[in-house]
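What follows is a short report on a single structure.
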Amino acid sequence: MATISFNKKIFEKEIGRLDEKMQDKIALFGTPIERIDNNEVEIEVYPNRPDLLSYYGFKRSFLHFLGKRDKTEYKIFNPEKDYKIYVDESLKDIRPYTVCSIVKNLHFTDELIKEVIDMQEKLHLTLGRNRKKFAIGIYPLEKIKLPITFKALEPDKIKFIPLDSEREMNGFQILQRHPKGREYSHLLAGKEKFPIFVDSNNQILSMPPIINSQLTGKVDEKTKDIFIECSGFDLELLKKCLNILVSNLTESGGKVYSMEVIYEKEKIMTPDFKKEKMKINLKNVNSLLGLNLKEEEIKILLKKMGHSYENKIVEISPWRIDILHEVDLIEDIAIAYGYENFIPEVPKISTIGGESKTSRIKKKISEILTGLNLIETSNYHLTIKRDQFKKMSLEEKDFIEIENSKTDYTILRKDLSHYLLKVLSENSDSEYPQKIFEIGKIFEKEEKENLAVALSPSNFTEARQILEYLFRMLNLKIEIKEPKEIKPYFIEGRVIDIFFNNTLLGQLGEVHPKNLNNWKIKMPVSLFEISLREVIDSLE
């Protein structure tokens, strides 16, 4: 979680006295106070509220919460001449999207510059996944000639003085010599071309997601007007990020102008402050919260969280990017109602808890394997498509994909084996031998409970010994047969089928060197994965 700090005197002047009652309200708003002294207040901001990652964003929302602000509307002015940015086709597989804006009439002080830089870096770190998802650039408009081009060039053709440097460098030199270049070089690793923003004077503004130019990308106290760009891979996420930035700058007194972003096949205007509309059901609100709120009360509570409500439709502010579902609106209603006002009730039921049969058997299997010095792991149910298929030499089919994922983890895992290889890959510098296992759910046409074991360095014989010992300890007997068809990540001739009660449980084998190379694993690995359903059903 991120923290933000702001001036105590400014807070008390613009919001209210920071007495004990006010501190309680800040905590109940969902931003607990980390530290407070005579000069400064530091609060904690949860990852779902990136719009609060600056004093101006916090002030806007908190004034609504206190009932001291009725409505927030921002005007976006139409673009002036040459307020355009051309996005070149060369960026297609590198960094394909950007959104932009111009903000005028700002009065930069040391404090405001620090505030803007702090907001930029916190958005990079949280919403931007440390610049992997997007990078933000802010530039003094007076040093730039519009329109601007966003394109990609070979690194040796990119030459400019990076921020906080005195020497001109090319793209490769920036990655090797500049502190920011070394820190974020992995984001451009393997790219034949690097992205750059260039103005009409052919001056390079920046090389995202790494660094701005010292000549055209440094804001100071003389700056009045700025150009903002946000570049990355997810256009909708970029739009939301830009909305947060420019709305907060508007709170500081800025005047926002839209820009025309021109792609090869379409043109878009950014930023877009169009409010999203979402239905909310009164019955769902009261059922989930255990309350008996009337429609007018819900309208008042939603207003305290910065929303407007009419005829069961909620209009959501464009900088509130955390509202994805009706449940998120109901959570806002709960915050506005006040968690301190909820009256706890003991349910009128009587039950006796007990450990399920499945849990007991899984626990027993875990104890047997840990007794053999294996380490238990636990991985996500969601996985990355590349890890699940390409690195395992599997065909990309019959998987369950989630919609609108905010990360690279977009599908439900089909096996545990690839995750164990991922664990070995990420711990290649740790001491060997490495012996790990996982008991967990996989998702095919139906949900299943599986066990997977991976050993490194190891061979077929060792893995088979562990498998047979496990079933001996469970007082069960398995059959080993020659496979009719082998999984493509095993070495042919070093793999077997595992049967129990004439049912195929899975396969055991040595992992093929090609797949070890995919994972950058340098030691031999033996692996088996079996279904536990038949095993659990047969045990008491």
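Observations on the structure shown:
- N38 satisfies every condition listed in (1) in contact (Cβ under 8 Å) with a residue 60 or more places away in the chain; (2) of a type outside the set (A, V, I, L, M, F, W, C); (3) not assigned by TED's automatic domain parsing to the domain that holds L127 except (1).
- Qualifying strands (runs of 3 or more DSSP E) (wholly inside region 430-540; at least 2 residues being in contact with a helix residue (DSSP H, G or I) (Cβ under 6 Å, 6 or more places away or on another chain) and surrounded by 13 or more Cβ atoms within 10 Å (Cβ to Cβ)): 434-443, 447-456, 490-500, 503-511, 526-531
- The one condition in (1) assigned to a helix (DSSP H, G or I); (2) surrounded by 14 or more Cβ atoms within 10 Å (Cβ to Cβ) that K9 fails to fulfil: (2)
- Checklist (1) more than 30 Å from K9 (Cα to Cα); (2) touching a helix residue (DSSP H, G or I) at 6+ places or on another chain (Cβ under 8 Å) applied to E183, failing item: (2)
- Search result, residues across region 144-172 that are out of contact with any Asp or Glu (no Cβ under 9 Å at 6 or more places or on another chain) and either of a type in the set (S, T, Y) or farther than 12 Å from N212 by Cα (or both): L153, D156, K157, I158, S165, E166, R167, E168, M169
- Verdict on L394 being in contact with a Leu (Cβ under 9 Å, 6 or more places away or on another chain), farther than 24 Å from K132 by Cβ, among the aliphatic types (A, V, I, L, M) and not in a helix (DSSP H, G or I): no
- Identity of the residue in region 297-323, in a loop (DSSP other than H, G, I, E, B) and not hydrophobic (A, V, I, L, M, F, W, C), that ends up farthest from I335 (Cα to Cα): N311
- Summed over region 404-415, the residues that are in contact with a Phe, Trp or Tyr (Cβ under 9 Å, 6 or more places away or on another chain) and assigned to a loop (DSSP other than H, G, I, E, B) give a count of 2.
- Taking the conditions (1) more than 20 Å from K71 (Cβ to Cβ); (2) exposed (fewer than 15 other Cβ atoms within 10 Å of the Cβ) in turn, E276 satisfies each one other than (1).
- Residue match in region 248-256 (condition: buried (at least 16 other Cβ atoms within 10 Å of the Cβ), over 19 Å from L141 (Cβ atoms) and not acidic (D, E)): no
- A count restricted to region 424-440 and to residues that are in contact with a Pro (Cβ under 7 Å, 6 or more places away or on another chain) and either among the polar types (S, T, N, Q) or closer than 30 Å to R360 by Cα (or both) stands at 1.
- When V116 is tested against (1) crowded, with 19+ Cβ neighbours inside 10 Å; (2) in a strand (DSSP E or B), exactly one condition is not met: (2).
- Long-range neighbours under 9 Å by Cβ, at least six apart or interchain, first residue outside the structural domain of I113 (by TED's automatic domain parsing) and modelled with pLDDT of 95 or more within region 207-232, second part of a strand (DSSP E or B) and not β-branched (V, I, T): none
- Which listed residue is in a loop (DSSP other than H, G, I, E, B), farther than 30 Å from S258 by Cβ and either among the polar types (S, T, N, Q) or not assigned by TED's automatic domain parsing to the domain that holds I113 (or both), from T31, T3, T72: T31
- Qualifying residue in region 363-371 (condition: surrounded by 14 or more Cβ atoms within 10 Å (Cβ to Cβ), over 27 Å from K520 (Cα atoms) and touching a strand residue (DSSP E or B) at 6+ places or on another chain (Cβ under 7 Å)): yes
- Qualifying positions in region 212-236 - touching a Lys or Arg at 6+ places or on another chain (Cβ under 9 Å), among the hydrophobic types (A, V, I, L, M, F, W, C) and closer than 25 Å to D272 by Cβ: I226, C230, F233
- Number of the exception - P147 against (1) modelled with pLDDT of 95 or more; (2) surrounded by 17 or more Cβ atoms within 10 Å (Cβ to Cβ); (3) not acidic (D, E): (2)
- Close pairs (7 angstrom Cβ cut-off, 6 or more residues apart or separate chains): touching a residue at least 12 places away in the same chain (Cβ under 8 Å) in region 393-405, assigned to a loop (DSSP other than H, G, I, E, B) and surrounded by 10 or more Cβ atoms within 10 Å (Cβ to Cβ) anywhere: S393/P488; S393/Y489; L394/P488; D398/E444; F399/K414
- If you go through region 154-170 and keep only what is within 30 Å of I244 (Cα to Cα) and either in contact with a strand residue (DSSP E or B) (Cβ under 6 Å, 6 or more places away or on another chain) or buried (at least 21 other Cβ atoms within 10 Å of the Cβ) (or both), you end up with F160, P162, L163.
- Pairing residues of region 482-504 that are not assigned by TED's automatic domain parsing to the domain that holds N518 with residues that are modelled with pLDDT of 95 or more, at Cβ distances under 8 Å and at least 6 apart in sequence or on separate chains, gives no pairs at all.
The values are calculated or read from the model by the stated rules, or taken from the named source; none is laboratory data. Quick caveat: nothing in here was measured; it's all calculated off a predicted structure. Positions of Cβ are generated from backbone atoms using ideal geometry, with glycine treated the same way; all protein chains shown enter the neighbour counts.
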